[in-house]
1. Can you list the aspartates and glutamates whose alpha carbon is less than 17 Å from that of K98, not counting same-chain residues fewer than 8 positions off?
2. What nm value, rounded to one decimal, do you get for the distance between K175 and A76 when each label is placed 7 Å out toward the C-beta?
3. Once Lys and Arg get +1 and Asp and Glu get -1 on their Cβ, which of W72, V104, P83 lies farthest toward the positive end of the dipole of segment 65-106?
4. Can you tell me, using C-alpha contacts under 8 Å and at least 6 residues apart, the relative contact order of segment 56-181 as a whole percent?
5. Calculate the FRET efficiency for L242 and K207 from the Cβ-Cβ distance with a Förster distance of 30 Å, rounded to the nearest 0.05.
6. Return the distance in nm (one decimal) between the two label points of a simple spin-label model at Q59 and T226, each offset 7 Å from Cα along Cα→Cβ.
7. What number comes out for the charge environment of D231, summing +1 per Lys or Arg and -1 per Asp or Glu over other residues with Cβ under 14 Å away?
8. Take the alpha carbon gyration tensor of segment 82-238, find the square roots of its eigenvalues, order them as a ≥ b ≥ c, and report rounded if a/c is under 1.5; if not, report prolate when a/b exceeds b/c, else oblate.
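Just so it is clear, none of the values below were taken in a lab; they were calculated from the coordinates. Source: prediction; values computed, not measured. FYI the Cβ positions are ideal-geometry reconstructions off the backbone, even for glycines, and counts take in every protein chain you see.
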Amino acid sequence: MFTGLYRTACRVGAIAALALIVPHAGQAAAAGRAQHKHPRATRPHAKPAVAPDVSQIVQPPRSEAASRLIGWVAAARDNAGLPYIVIDKRTASLFLFKADGEFVGQTPVLIGVGIGDESSPGVGAKSLAEIGPAERTTPAGRFVAKFGLAFGRQRVLWVDYADSVALHAVITTNKKEHRVARLLSPTPDDNRISFGCINVGTHFYAKTLRPLFQKKGGIVYILPDTKPLDDVFPRLRLLPYLGAPADGQTAG
C-alpha cells in the first residue's frame, strides 16, 4: 500500500517538492511525476537575485491558432460561465480571461519537455525512473480545472488530474534548471523543462490567476504541438457561422 501511495507522486515539482498526491474530492487517485534535468539546463542562464514579475516582460504576439481558438470560445461561450485559460505550447504563452470573456493578461509558461499532444497510457502509474523523455508531454485539449491538494498540502490547479498535470507557480527547487531565467528568455526554445505540468511566474499565479480560479475553477484550453488544431477542437470549425471574427479580438 505504501508503495502504491508513493507512486502517486505529481508531475508538479521536483521529487522533494511533491511525492504524494492527496486526491481531490470525487476523483480517482492520480499518479504523477517529478521534474527532471533538462538537456539544456547546463547552458548559461542569467540568474536574477530576486525573481522578477515575469508577466511584465515583452510578450510574443498571438499566433493565428490561438486567435482562432480565443475567438471561438468567446463566440460559442464554450467556457460555460467560468474563467478560462488558453495555452499556446508553440509560443509558450498563456492567455487568461474572466468568465465574461474579458482579457486579463498574458504570461510565458514552462511546459513538458516532450513534443506531443497526449499523455502516454498509464504514465501516471509509472515510477519516475520509468517515464521516458518522450512521455513528458503536456497534453492538448479542453480541460475542466479545479484547485486541489498535493504533497505538503500545497494547493495546485489540477488541469488533468488523472494524468497528474497541474498548473502552478514556477518551481525553483533545482537551481540548475534555471526555470525563472527560462521564463524570462525572449524565445520559447528553452521553455520545455517539466514532466508535463505547466509553470507560470509566481506573481502572475498568486495575484492574477489564482484569485479567478480558486472559487469554482475554470476551463483550460491547451493548443497542440503537432496535431491539426481542428482535430483537437472539432467545434472550432463552426467559428465562421457564429458571427464572430476569427482573430480572437472579441475576447481581448
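1. Within the straight-line cut-off, K98 pairs with D78.
2. Result: 4.8 nm between the two label points.
3. Farthest towards the positive end: W72.
4. 13 percent
5. Working: r = 33 Å, r/R0 = 1.10.
It comes to 0.35.
6. Placing both labels 7 Å beyond Cα along the Cβ direction yields 2.9 nm.
7. Details: positive: R68, R142, K227, R235, R237; negative: D117, E118, D225, D230.
The answer is +1.
8. rounded
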